[in-house]
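J.: Would you mind keeping the following structure in view while I ask a few things?
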Amino acid sequence: MQILSGVGRSKYTPLLILFALAIFQSCKKDPDTMTNQELYKALSKEKNYSKILDFARDAGIDTTKFAYTEKNTPVFALLEEVGFGHKPDLRYTEKKIQADTVVLRAAAVQLVKGNSVEEVMEQLEPVFPVYNNLKVHYKRLLSENKKDSAAVVANSLNAYRWIHRQSKGSPRFVMVNIRGAYLTAMDSAGKNVLSMRTVVGKQDTQTPTIDTYATSIVTHPYWNVPKSIAIKEIFPKAASDPEYLSRNRIEIIDTKGEAVNPEDVDWEELTAEKFPYRFRQETGGDNSLGLLKVEIKNPLAIYLHDTNARYLFKSNQRWRSHGCVRVQHPTELANYMAGTKLLDNDFLTEPDTVSIPPKWHKLKARIPVFLFYLGADCNEKGDLLYFADVYKRGLPKV
């Protein structure tokens, strides 16, 4: 017992401390073996959680619904928001993909191990260059007290987090910004591979916001005239001008899918609302869809397509369509979506009046397509760009 008293005790004190620490460490549970509930408890401590909240605020996340409380701290919900965002303002979503729980747990484990919040959160977020540039601008706008501009950028940040969620496992994806009337095609890492102008919906025929995926490329597509256009535009012209349909190469199709002779139709007895047929425009370069259509899964009859009015892409006022998206470089887009050279570059030089039967090219991979209404975005140089609120929707809800 002599070594535990007097000079002997002071001599062995460091060894006793090390021994005690070793016992403590051996009792401390390895984060890798913790249950999700144990990880939750460790990260729910106010000191730990506040650091995650601070990071989220700097990324444009409204943290009010993730606030710390002693009874319930939504740790994993906040981690999910940082990495995968929440559903933006979308009129149609084909399917919401669940966040990757393995990735969320891995982030929680790294945080409990003591890794820095910045390091862990940045691994959780999208790696897209445009996303990182938007974050830089968001912080700058906050520092300049430009709250309205910051809110617009925050909305775009969430859109890219949502893309990160929804594009899981896809080799590439396509994003159309309706508000800016342009399209960007990116690889799985968010690198911009292809950019082009688009023509999108007018104020009274707005292009809807959609989250879906492309199913096929159609060359020499028919234009099956939507009912709204048929009633408002085609029927009145066909009824008053006997040559209108033939001049525009538009057929009348019955319920069996067979063509009807316009001369057999009693135009005086019919009304647009009770018209028992549909209109279909023949294929060819003078077709309203041009020579190519990208079919995307949705119930709104929206798709991406070529056009017989390509001169419109030279204009800065490109909100001119009935709702579908006309693309400036359809051949390049089709090849990128297919992941191979599906079409030659001279495909669009075919004679305007040649009618060739449609051909469907089913896409082998799932290619997500997003139609967003974003007020801000970044170009490849990292510059922040703002876009006019053409549909007069006001500030976005973040």
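The values are calculated or read from the model by the stated rules, or taken from the named source; none is laboratory data. Keep in mind that this is a model prediction, so the values were computed, not measured. Backbone-built Cβ (ideal geometry, glycine too); neighbour counts: all protein chains shown. We work out accessible area using only protein heavy atoms, side chains counted, and drop any ligands, DNA or RNA first. Shrake-Rupley method; radii C 1.70, N 1.55, O 1.52, S 1.80 Å.
J.: When only residues in the range 93-105 that are open to solvent by 50 Å² or more (accessible area, probe 1.4 Å) and farther than 24 Å from A301 by Cβ count, which is nearest to the chain's Cα centre (by Cα)?
T.: Q98
J.: Has the range 271-291 got any residue that is in a strand (DSSP E or B), of a type in the set (A, V, I, L, M, F, W, C) and more than 24 Å from I252 (Cβ to Cβ)?
T.: No; the residues of the range 271-291 include none that is in a strand (DSSP E or B), of a type in the set (A, V, I, L, M, F, W, C) and more than 24 Å from I252 (Cβ to Cβ).
J.: Which one is most open to solvent (accessible area, probe 1.4 Å), of the residues in the range 1-60 that are at pLDDT below 80 and in a loop (DSSP other than H, G, I, E, B)?
T.: Step by step, filter the range 1-60, then rank; the result is M1.
J.: Answer yes or no as to whether V200 is open to solvent by 20 Å² or more (accessible area, probe 1.4 Å), touching a Phe, Trp or Tyr at 6+ places or on another chain (Cβ under 7 Å), in a strand (DSSP E or B) and closer than 25 Å to R318 by Cβ.
T.: no
J.: Within the range 249-256, identify whether any single residue is among the β-branched types (V, I, T), within 30 Å of K362 (Cβ to Cβ) and open to solvent by 20 Å² or more (accessible area, probe 1.4 Å), and answer yes or no.
T.: The answer is yes, given that some residue of the range 249-256 is among the β-branched types (V, I, T), within 30 Å of K362 (Cβ to Cβ) and open to solvent by 20 Å² or more (accessible area, probe 1.4 Å).
J.: Scan the range 304-332 for residues that are open to solvent by 30 Å² or more (accessible area, probe 1.4 Å), assigned to a strand (DSSP E or B) and of a type outside the set (K, R) and jot them down.
T.: Selection gives W319 alone.
J.: Considering only the range 263-286, I want to know if a residue exists there that is surrounded by 17 or more Cβ atoms within 10 Å (Cβ to Cβ), touching a Lys or Arg at 6+ places or on another chain (Cβ under 8 Å) and either among the basic types (K, R) or under 30 Å from V130 (Cβ atoms) (or both).
T.: yes
J.: Would a scan of the range 95-108 turn up a residue that is small (G, A, S), part of a helix (DSSP H, G or I) and in contact (Cβ under 8 Å) with a residue 24 or more places away in the chain?
T.: Scanning the range 95-108, I find at least one residue that is small (G, A, S), part of a helix (DSSP H, G or I) and in contact (Cβ under 8 Å) with a residue 24 or more places away in the chain, so the answer is yes.
J.: Search the range 27-56 for residues that are under 18 Å from M121 (Cβ atoms) and pair each with any residue that is open to solvent by 50 Å² or more (accessible area, probe 1.4 Å) and among the basic types (K, R) when their beta-carbon atoms are under 7 Å apart and the residues are at least 6 apart or on different chains.
T.: P31/K113
J.: Within the range 143-179, track down each residue that is closer than 23 Å to A338 by Cα, open to solvent by 40 Å² or more (accessible area, probe 1.4 Å) and among the small types (G, A, S).
T.: G169
J.: Of the conditions (1) among the aromatic types (F, W, Y); (2) part of a helix (DSSP H, G or I); (3) open to solvent by less than 50 Å² (accessible area, probe 1.4 Å), F370 clears all except one; give me its number.
T.: (2)
J.: Go through the range 106-145 and give me each residue that's more than 24 Å from the chain's Cα centre (by Cα) and among the charged types (D, E, K, R).
T.: Residues satisfying the conditions are K113, E118, E119, R140, E144.
J.: Within the range 122-141, work out how many residues are out of contact with any strand residue (DSSP E or B) (no Cβ under 6 Å at 6 or more places or on another chain), of a type outside the set (D, E, K, R) and either closer than 17 Å to H86 by Cβ or without any contact (Cβ under 8 Å) to a residue 60 or more places away in the chain (or both).
T.: Counting residues in the range 122-141 that are out of contact with any strand residue (DSSP E or B) (no Cβ under 6 Å at 6 or more places or on another chain), of a type outside the set (D, E, K, R) and either closer than 17 Å to H86 by Cβ or without any contact (Cβ under 8 Å) to a residue 60 or more places away in the chain (or both) gives 7.
J.: Could you list, in sequence order, the residues of the range 63-94 that are modelled with pLDDT under 95, part of a loop (DSSP other than H, G, I, E, B) and of a type in the set (D, E, K, R)?
T.: Result: E70, K71.
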